[in-house]
Amino acid sequence: MKTISILGSTGSIGTQTLEIVRRNKDLKVAAVSAGRNIRLLEQQIREFGPRLAAVWSEEDARELRTAVSDLDVEILCGMEGLEAAAACPESELLVTAIVGMIGLVPTVTAIRAGKDIALANKETLVTAGHIIMPLAKECGVKILPVDSEHSAIFQSLNGENRSQIAKLLLTASGGPFRGKKREDLEKMHVEDALRHPNWNMGQKITIDSATLVNKGLEIMEARWLFDVELDQIQVVVQPQSVIHSMVEFTDGAVIAQLGTPDMKLPIQYALYYPERRYLAGDRLDFAKLGSITFEEPDMETFSGLSYAFEAARAGGSMPTVFNAANERAVSKFLHREIGFTDIYRIIRECMDAHRVIAAPDIRQILEVEQSVYDMIESRW
């Protein structure tokens, strides 16, 4: 029996993680957390029987306590609740399915408590990779990637000497606006950006895919996960989303992980690593597929990707600025307060205004995040 905790259990990755738990009798859930979806969280508590659940506000915590008063479950709130869920004593592994920099502190807490991390919260490494990776090594904790691209690289590296990596090839679908130009993007609305051609994801990640900012965040994450230089990371558009990413080695060999676009595969692989389990679902039919095509990303039109490389090269606190500016800009776009290309403009302005802190600690990272939010609210 393996016991896990899930931060963000009501979101896309969280609910798919619970689907895997539902299908495997040797997985048990010790703790869950959610933002505001109290109704779904109550259903999850009743089905999976965690001993602890966390929500953000005290008001929601009171409502949930009343709803599950017939059950033996502790309901906590705020950052204290997230940290308690992350470090739950019964749990062996934490699935960080929560979206945003709110996942940083509980992830650190879980690592210090000796929990392996199934990492879906890319902001943790984007903003604090220089802290997280050394801490995980010090605590003897595994960081197991859940993003499909990083899981693909992780799988492609099985049994290989990592010192012989020549290049990581991160694949991108190109999103719903692949092939369009900047003047086209100016006219795009929320509904257009949410129509991803291949993947079914949460709203924030779907918008990040449309801007290609998601791929920029993945570049920063891959740098820390696999201990490579930025010049060893290349983005390749692969519209069919069949090749999830590749590794090129020093002898010229390229190893790739292929599969249907289904997040349950990387989630399950992280939960059971190094074991592989049967997973129901579609399989690739290469005869029907016919062809797999590749393109260079258009980093002039989708400038968020070039800004990401720039932020990663600047290092220090600049990736936090990039991430925080994008996070708040996407929220404003989803609330129809700004246009699609304003996301790029906000990121650019925030990066231009920032003075880099070389090696920020957790407190400084969170202060930079707040300063970016304040700047955006004052100007936009």
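With a cut-off of at least 1 residues that are touching a Phe, Trp or Tyr at 6+ places or on another chain (Cβ under 6 Å) and under 17 Å from Asp147 (Cα atoms), name the helices (runs of 4 or more DSSP H) lying wholly within region 167-264.
203-211
The lone criterion from (1) modelled with pLDDT of 95 or more; (2) of a type outside the set (Ser, Thr, Tyr); (3) under 24 Å from Met201 (Cβ atoms) left unmet by Arg46 is number (3).
I'd like to know if region 117-124 contains one or more residues that are in contact (Cβ under 8 Å) with a residue 60 or more places away in the chain, within 23 Å of Gly316 (Cα to Cα) and among the basic types (Lys, Arg). Within region 117-124 (the criterion being in contact (Cβ under 8 Å) with a residue 60 or more places away in the chain, within 23 Å of Gly316 (Cα to Cα) and among the basic types (Lys, Arg)), the answer is yes, since at least one residue qualifies.
Return yes or no: is Ala280 over 22 Å from the mean Cα position of the chain (by Cα), more than 15 Å from Thr171 (Cβ to Cβ) and not in a loop (DSSP other than H, G, I, E, B)? No, not satisfied.
Can Ser9 be described as of a type in the set (Ser, Thr, Tyr) and either assigned to a strand (DSSP E or B) or surrounded by fewer than 20 Cβ atoms within 10 Å (Cβ to Cβ) (or both)? Can you show your working first?
On the way: of a type in the set (Ser, Thr, Tyr): yes; either assigned to a strand (DSSP E or B) or surrounded by fewer than 20 Cβ atoms within 10 Å (Cβ to Cβ) (or both): no.
Criteria not met by Ser9.
With the structure loaded, tell me whether Arg178 is in contact with a strand residue (DSSP E or B) (Cβ under 8 Å, 6 or more places away or on another chain) and of a type in the set (D, E, K, R) or whether it fails that test. The answer is yes for Arg178. Out of Ala136, Ala53, Ala61, Ala84, which single residue is modelled with pLDDT of 95 or more and either in a loop (DSSP other than H, G, I, E, B) or crowded, with 24+ Cβ neighbours inside 10 Å (or both)? Exactly one of Ala136, Ala53, Ala61, Ala84 is modelled with pLDDT of 95 or more and either in a loop (DSSP other than H, G, I, E, B) or crowded, with 24+ Cβ neighbours inside 10 Å (or both), namely Ala53.
Condition check ((1) crowded, with 18+ Cβ neighbours inside 10 Å; (2) among the acidic types (Asp, Glu)) across all residues:
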site	(1), (2)
Phe294	no, no
Thr301	yes, no
Pro360	yes, no
Glu367	no, yes
Gln370	no, no
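The values are calculated or read from the model by the stated rules, or taken from the named source; none is laboratory data. Quick caveat: nothing in here was measured; it's all calculated off a predicted structure. We place every Cβ from the backbone using ideal geometry, glycine too, and count neighbours over all the protein chains shown.
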